[in-house]
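Novice: Quick one: this structure, given as structure tokens, is what I'll be asking you about.
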Amino acid sequence: MTPSDLLHSFLATLQGTLMDILPIVVLIFSFQLVVLRQSMPNLPRVIVGMLYVTLGLSLFLMGLELALFPLGESMAKQLTDPAFLFGEEAALLMQVDWSHYYWVYLFAAAIGFSTTVAEPSLIAVAIKACQVSGGAISVNGLRFAVATGVALGIALGSYRIVVGDPLHYYIISGYIVVVIQTQFAPRFIVPLAYDSGGVTTSTVTVPLVTALGLGLAATVPGRNPLMDGFGLIAFASLFPMITVMGYAQLTQFLNHHQEPEEKP
């Protein structure tokens, strides 16, 4: 892609981003001036901030199209290539089974964990949870618990794509586990665990996970990208609820058994 093509793509993306942000800007200023009947505080800073948001979103969307989506699809294609799984000579003779895709499951788990740890929305929620709880909820503890759940979910979702099982069997079973855990988990962690499933599916995680799912469905024999390529985001939203509540339950259990016995 030439520099002129990059510039044209950026300007087109910037125009689309401006049109997307315009309703939000109009709504905020309308409520501020018409409903609240007050001038916008720190107007210059607000304008500069909106310009930064517009520019950042435009560059981020270009990055998705030029790097993240092709990267996820390329990795899925390479990891499912029979020549990679068995070698050039054996690739023509071997019958591919779900167990041969273990590199796919490891890569999916690693991608899920690393992208979730870097997720800005999760970092913000973890910091606020730590502040509100007075340090009872650790920032890194929550981040790693959520990231572990996403890693398990993406790995299991990749397995589902490989074997072609119906998606709803996994989702229904997972939510049954969530409902049961809700009855036994500490009360304070339940709302945070439910929110943790949503904040994971944001700017960093979704593009790579979506590209991975579509790439897998396009390269695994017998799979349809439209029917099988989507659904990984559902796993990424579900399993953090399980791991966050499990993290709280484990912490509560360890604290209970570490308390010194009262002397008579």
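Novice: Every residue in segment 189-203 that is surrounded by fewer than 19 Cβ atoms within 10 Å (Cβ to Cβ) and either within 18 Å of the chain's Cα centre (by Cα) or touching a residue at least 60 places away in the same chain (Cβ under 8 Å) (or both), please.
Specialist: TYR194, ASP195, GLY198, SER202, THR203
Novice: Could you look through segment 25-47, keep only residues that are of a type in the set (Val, Ile, Thr) and over 25 Å from SER9 (Cβ atoms), and pick out the one that is surrounded by the most Cβ atoms within 10 Å (Cβ to Cβ)?
Specialist: VAL46
Novice: Tell me, which helices (runs of 4 or more DSSP H) wholly within segment 82-156 include 1 or more residues that are hydroxyl-bearing (Ser, Thr, Tyr) and either open to solvent by less than 40 Å² (accessible area, probe 1.4 Å) or modelled with pLDDT of 80 or more (or both)?
Specialist: 102-117, 120-132
Novice: Tell me, which residue of segment 27-38 that is assigned to a helix (DSSP H, G or I) and either among the polar types (S, T, N, Q) or modelled with pLDDT of 90 or more (or both) is nearest to LEU51 (Cα to Cα)?
Specialist: Filtering first and then ranking leaves LEU27.
Novice: Moving on to the next point. What about ASP228, is it under 30 Å from LEU71 (Cβ atoms), of a type in the set (Asp, Glu) and open to solvent by 30 Å² or more (accessible area, probe 1.4 Å)?
Specialist: no
Novice: When you look at PRO23, is it assigned to a helix (DSSP H, G or I) and under 27 Å from the mean Cα position of the chain (by Cα), yes or no?
Specialist: Spelling it out, PRO23 is indeed assigned to a helix (DSSP H, G or I) and under 27 Å from the mean Cα position of the chain (by Cα).
Novice: ASP165 passes all but one of (1) buried (at least 17 other Cβ atoms within 10 Å of the Cβ); (2) of a type in the set (Asp, Glu); (3) more than 16 Å from the chain's Cα centre (by Cα); which number fails?
Specialist: The failed condition is (1).
Each row is one residue, and each column tells you yes or no for (1) farther than 16 Å from VAL125 by Cα; (2) out of contact with any His (no Cβ under 6 Å at 6 or more places or on another chain); (3) among the hydroxyl-bearing types (Ser, Thr, Tyr).
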position: TYR194; (1), (2), (3): no, yes, yes
position: VAL199; (1), (2), (3): no, yes, no
position: THR203; (1), (2), (3): no, yes, yes
position: THR210; (1), (2), (3): yes, yes, yes
position: GLY213; (1), (2), (3): yes, yes, no
position: THR219; (1), (2), (3): yes, yes, yes
position: GLY222; (1), (2), (3): yes, yes, no
position: LEU226; (1), (2), (3): yes, yes, no
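Novice: Consider only pairs whose beta carbons are under 8 Å apart and that are at least six residues apart or on different chains; among these, list those whose first residue lies in segment 230-259 and is assigned to a loop (DSSP other than H, G, I, E, B) and whose second residue is open to solvent by less than 40 Å² (accessible area, probe 1.4 Å).
Specialist: PHE230/THR210; PHE230/GLY213; GLY231/GLY157; GLY231/ARG160; GLY231/ILE161; GLY231/GLY213
Novice: Can you tell me which residue within segment 70-81, out of those that are closer than 20 Å to ILE233 by Cα and open to solvent by 60 Å² or more (accessible area, probe 1.4 Å), is modelled with the highest pLDDT?
Specialist: Among residues in segment 70-81 that are closer than 20 Å to ILE233 by Cα and open to solvent by 60 Å² or more (accessible area, probe 1.4 Å), the one modelled with the highest pLDDT is LYS77.
Novice: Just the residues that are assigned to a helix (DSSP H, G or I), among the hydrophobic types (A, V, I, L, M, F, W, C) and open to solvent by 40 Å² or more (accessible area, probe 1.4 Å), please, taken from segment 204-225.
Specialist: Selection gives VAL206, LEU214, ALA218.
Novice: Shifting gears a bit: From the set of residues in segment 102-139 that are touching a residue at least 40 places away in the same chain (Cβ under 8 Å) and β-branched (Val, Ile, Thr), which is nearest to LEU250 (Cα to Cα)?
Specialist: ILE137
Novice: Another one. Exactly one of these conditions fails for ALA234: (1) surrounded by fewer than 20 Cβ atoms within 10 Å (Cβ to Cβ); (2) small (Gly, Ala, Ser); (3) more than 15 Å from GLY157 (Cα to Cα). Give me its number.
Specialist: All conditions are met except number (3).
The values are calculated or read from the model by the stated rules, or taken from the named source; none is laboratory data. Note that the coordinates shown come from a computational prediction; the quantities given were computed from them, not determined experimentally. Using ideal geometry, Cβ is built from the backbone for each residue, glycine included, and neighbour counts are taken over all protein chains shown. Please note that ligands, DNA and RNA were not included when accessible areas were found on the heavy atoms of the full protein model with its side chains. Shrake-Rupley method; radii C 1.70, N 1.55, O 1.52, S 1.80 Å.
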